[in-house]
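Shown next, in structure tokens, is the structure this report addresses.
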Amino acid sequence: MPETLQCRRMSSNAYPKDWRRSAASRPLASPLSHPVEPSVETYRFLKVVFHLPKKQAGNITEEDKFKKLVRSWRIETRMHSSLNKKVMHPSYQRIIGMGRDALPLILKEMKVNPGHWFWALDAITQGEENPAKDCESITEAACAWIKWGEDRNLL
């Protein structure tokens, strides 16, 4: 039968009487010296500082916010071939989160630089209208959505 190990529980008097005072009197170790055993007193001298970003001066318009999100989305997804990764990108999702206010901005962007905006357009209009349902190419679909926006005075 193998030997069994017996574990002893440390009693509270296992430490020297003045262990707290001796730990407090030790200086904090520098990164180059040997480490000091951590104790409550050792951490008393540490200070945590958080730096928060400064608020931008002035009001940011919806159009500026949109352009920033589009720039971020295009840069960060240009190497992805998966449409799913492109439309699930946080910047793209924030554009969708802008709601109906984003419709004219998306349509203007489609005029200049057509892309995969159909997911966002469908999400914002909640699938009620899809002028590009019978289109066979991205260009045709973009033209259909632009015409839809012009008919509703969004452009």
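The values are calculated or read from the model by the stated rules, or taken from the named source; none is laboratory data. In this text the structure is predicted, and so the values were computed from the model without any measurement. Methodologically, a virtual Cβ is constructed for each residue, glycine included, from the backbone with ideal geometry; neighbour enumeration extends over all protein chains shown.
A few comments on the model shown:
- Scanning the stretch 97-113 for residues that are in contact with a helix residue (DSSP H, G or I) (Cβ under 7 Å, 6 or more places away or on another chain) and surrounded by fewer than 16 Cβ atoms within 10 Å (Cβ to Cβ) yields a count of 4.
- Qualifying positions in the stretch 121-155 - over 16 Å from residue 96 (Cβ atoms) and β-branched (Val, Ile, Thr): 138, 139, 146
- Close contacts from the stretch 108-127, counting a first residue that is assigned to a loop (DSSP other than H, G, I, E, B) and a second that is surrounded by 15 or more Cβ atoms within 10 Å (Cβ to Cβ), with Cβ to Cβ under 6 Å and a gap of 6+ residues or different chains, come to 114/142; 116/86; 117/106; 117/110.
- The stretch 122-139, residues that are surrounded by 19 or more Cβ atoms within 10 Å (Cβ to Cβ) and in contact with a Gly (Cβ under 9 Å, 6 or more places away or on another chain): 124
- Verdict on residue 105 being in a loop (DSSP other than H, G, I, E, B), within 20 Å of residue 61 (Cβ to Cβ) and either touching a Gly at 6+ places or on another chain (Cβ under 9 Å) or in contact (Cβ under 8 Å) with a residue 40 or more places away in the chain (or both): no
- Only one of the numbered conditions (1) closer than 16 Å to residue 63 by Cβ; (2) in a helix (DSSP H, G or I) is not met by residue 139, and that is (1).
- Residue match in the stretch 118-133 (condition: closer than 18 Å to residue 62 by Cα, among the acidic types (Asp, Glu), modelled with pLDDT of 85 or more and within 30 Å of the chain's Cα centre (by Cα)): no
- Within the stretch 55-96, considering residues that are within 15 Å of the chain's Cα centre (by Cα) and in a loop (DSSP other than H, G, I, E, B), the one surrounded by the most Cβ atoms within 10 Å (Cβ to Cβ): 89
- Qualifying residue in the stretch 70-81 (condition: of a type in the set (A, V, I, L, M), without any contact (Cβ under 8 Å) to a residue 40 or more places away in the chain and touching a Phe, Trp or Tyr at 6+ places or on another chain (Cβ under 8 Å)): no
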